[in-house]
Amino acid sequence: MPLKPEKRPDGDAPLPPTAPAPITVEFYRSALCPRCLLAGRALERLASSDPRLKVKTIEVTLHPRRAWQAGIRMVPALKIGGHLLAGVLLTERRIAAFLATAAHTDPAPPVAGSGF
């Protein structure tokens, strides 16, 4: 759906349309985890249907300290700001619900241990 330009208060030329803010999703995974592969595919499908979603993949076996400091204790895991979703099986439905909730709420406080 194209964005409509807003009118300036003084009636001059319209303002350029404002694009929705991007949503950056950190996807913590391991190449050795089959559940991570399934969650990654579901996240790719959701990202292809929503241009606001920007997925940043973090391989926990290569960046264990970063994952630990972000509060990640199991994979697969998704993080948006202070919101975290991790579980044995992240279905497309669970991921979509998490994205909708985390993207439309106030930023949550940082996860314990991630204040470095």
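Observations on the model:
- Summed over segment 16-58, the residues that are in a strand (DSSP E or B) and surrounded by 17 or more Cβ atoms within 10 Å (Cβ to Cβ) give a count of 8.
- When residues in segment 1-46 are screened for being out of contact with any helix residue (DSSP H, G or I) (no Cβ under 8 Å at 6 or more places or on another chain) and either at pLDDT 65 or above or not aliphatic (A, V, I, L, M) (or both), 31 of them pass.
- Count of segment 60-107 residues which are surrounded by fewer than 16 Cβ atoms within 10 Å (Cβ to Cβ) and of a type in the set (Phe, Trp, Tyr): 1
- Gly113 at positive phi and at pLDDT below 90: yes
The values are calculated or read from the model by the stated rules, or taken from the named source; none is laboratory data. Everything quoted here is computed from the prediction, not taken from an experiment. Virtual Cβ from ideal backbone geometry, glycine too; neighbours counted across all protein chains shown.
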